[in-house]
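**Q** Pasting in a structure now, in structure tokens, and then I'll have a few things to ask.
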Amino acid sequence: MARWRQELWLACFCAGLGGVVLFFLHEWGWSLAATLGAYNLSLIYRLIRLARSSRRHQHGLAVYGIPGLVQDRQRRIRTAWRRRQRKLVELLKRYHHSAMSVPDAMVVLTPTREIEWLNDAACELLSLSRGDAGLRIDNLIRHPSFVHWLNENGTSLEFQSPGDEQRAVSLRMEPYGEDRNLLIGRDVTALYRLQGVRQDFVANVSHELRTPLTVLAGYLETLLDSEEDTSGEMHRILTNMHQQSERMRRIVEDLLLLSRLETTHPDEEYFESIDMAGLLSIISHDAQLLSGPEQHQIVLEVDPQLWLIGIIRELHSALSNLVFNAVKYTPGGGRVTIRWFANARGQPVFEVQDTGIGIEPRHIPRLTERFYRIDVGRSRARGGTGLGLAIVKHVILRHDASLDITSQPNLGSTFRVTFPVYRAERHGLTPLINKA
């Protein structure tokens, strides 16, 4: 309100000056020109002061009237902007401090894989330093698996810390901003050690249980053979005990096999060219024997020219597990189809398709977990140990393959194992085998 009063007094002063000119010259034109000229000169003067005040940030250089309103508005905007800047600086400092305090390694990478920023944990876990900013990270970390993962834009990687081979680091890459990537690393050494302790415990207990179970099963077989009354209560008890001891023995054997698959890496010298047609023919014959009186229809569709480079003992265990499961969970008279072929990409594919009871979609992601059962009663009645698909998962991982499961309840299931192209070999010119 004071600014408007100042402007009103100024207008009155200019009008008074025009009145003086009218009194002496008796000309309305000169009077109006004097009034407007005086007002314009005062306005120009105040605008010059306002410009100087804005340019030099002189808070003491006051401007009156309407330009003073602009000056007040500028001061409020400047004060709010400075307050906002201080808040932003404080926020950035807190963010920087928080990022530095995070125990996970964090590295901001440019599109050319140059380091733009990194925290203290990255220096410790990845053996980097502050002076590495601006350098390509693949020139600093030369681990082959890391370079391959970085070039392939993989989702996650676990490898040994460059500065300490006793530490395991899990890495993942996340988009950051418009054209940046954030490399996040986590120390998983404790998790690896805990997993190793668990695996050693399972392996040791399983190994210790194998001998007493073998002795117990032997004595039970002797008692069964010596029992003359096969319809008596004692014979039924001994038979049940023998079945349960055999089931325990199979569990122990599967645990030992699974422990070996988890704790060892496949040696290339054990990989050989495998005649998959012959291997699947043996598995198909064993599946027919397992079917017995239920008379499942076992169909074998095999490309005999397609061989596989792998470990035959492990593949026999994994593929027979898939086929036997299909037989066990398919009602009598059902159809089980075993396929071996190359897909459009040239990848070898093993496929088992059945017309069994099927699997609900919510169970599929957990099928390869240890001892995971959809129906406990049915699994025990069928003689399952709950470890078959866990063994399958580790075997196909050791062969760089992938497992895909599709199923619908009451319509059957399809288990598909896809091997990489470099595992395939071509032999002979024999036509496709199709046996039922």
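The values are calculated or read from the model by the stated rules, or taken from the named source; none is laboratory data. Nothing here was measured: the structure is a model prediction, and the numbers come from that model. With ideal geometry, Cβ positions are generated from the backbone for all residues, glycine too; neighbour counts draw on all protein chains shown. Just so you know, the surface numbers come from the protein's heavy atoms only, side chains and all, with ligands and any DNA or RNA stripped out. Shrake-Rupley method; radii C 1.70, N 1.55, O 1.52, S 1.80 Å.
**Q** Taking the criterion of being free of Cβ contacts under 8 Å to residues at least 24 places away in the same chain and either more than 16 Å from residue 169 (Cα to Cα) or among the hydroxyl-bearing types (Ser, Thr, Tyr) (or both), would at least one residue in segment 120-129 satisfy it?
**A** yes
**Q** Can you pull out every residue in segment 171-200 that is open to solvent by 30 Å² or more (accessible area, probe 1.4 Å) and under 21 Å from residue 114 (Cα atoms)?
**A** Step one: of segment 171-200, the residues open to solvent by 30 Å² or more (accessible area, probe 1.4 Å) are 172-181, 186-187, 190-195, 197-198, 200.
Result: 172, 173, 174, 175, 176, 177, 178, 179, 180, 181, 186.
**Q** Of 432, 367, 403, 387, which residue is among the aliphatic types (A, V, I, L, M), at pLDDT below 80 and under 31 Å from the mean Cα position of the chain (by Cα)? Quick ask: steps written out before the conclusion?
**A** Details: 432 fails: under 31 Å from the mean Cα position of the chain (by Cα); 367 fails: at pLDDT below 80; 403 fails: at pLDDT below 80.
When all the criteria are applied, what remains is 387.
**Q** Which of (1) in contact with a Phe, Trp or Tyr (Cβ under 9 Å, 6 or more places away or on another chain); (2) in contact (Cβ under 8 Å) with a residue 40 or more places away in the chain; (3) closer than 15 Å to residue 395 by Cα; (4) of a type outside the set (Asp, Glu) is the odd one out, the single condition residue 313 does not satisfy?
**A** The failed condition is (2).
**Q** Also, quick follow-up: Does segment 217-248 hold any residues that are open to solvent by less than 80 Å² (accessible area, probe 1.4 Å) and either closer than 23 Å to residue 370 by Cβ or within 46 Å of the chain's Cα centre (by Cα) (or both), and which are they?
**A** Matches in segment 217-248: 217, 240, 242, 245, 246, 247, 248.
**Q** Here is a list: 206, 284, 273. Which entry is under 30 Å from residue 340 (Cβ atoms), open to solvent by less than 30 Å² (accessible area, probe 1.4 Å) and small (Gly, Ala, Ser)?
**A** Details: 206 fails: under 30 Å from residue 340 (Cβ atoms); 273 fails: open to solvent by less than 30 Å² (accessible area, probe 1.4 Å).
Answer to the check: 284.
**Q** What are the pairs, 6+ residues apart or on separate chains, where a residue within segment 88-108 that is hydroxyl-bearing (Ser, Thr, Tyr) has its Cβ under 9 Å from a residue that is at pLDDT 70 or above and not in a helix (DSSP H, G or I)?
**A** Correct list of pairs: 101/119.
**Q** On the basis of being more than 16 Å from residue 186 (Cβ to Cβ) and surrounded by 15 or more Cβ atoms within 10 Å (Cβ to Cβ), does residue 81 make the cut?
**A** Working: more than 16 Å from residue 186 (Cβ to Cβ): yes; surrounded by 15 or more Cβ atoms within 10 Å (Cβ to Cβ): no.
No, not satisfied.
**Q** Let me spell it out: the conditions are (1) touching a Lys or Arg at 6+ places or on another chain (Cβ under 8 Å); (2) more than 17 Å from residue 348 (Cα to Cα); (3) open to solvent by 10 Å² or more (accessible area, probe 1.4 Å), and residue 296 meets all of them except one. Which number is the exception?
**A** Condition not satisfied by residue 296: (3).
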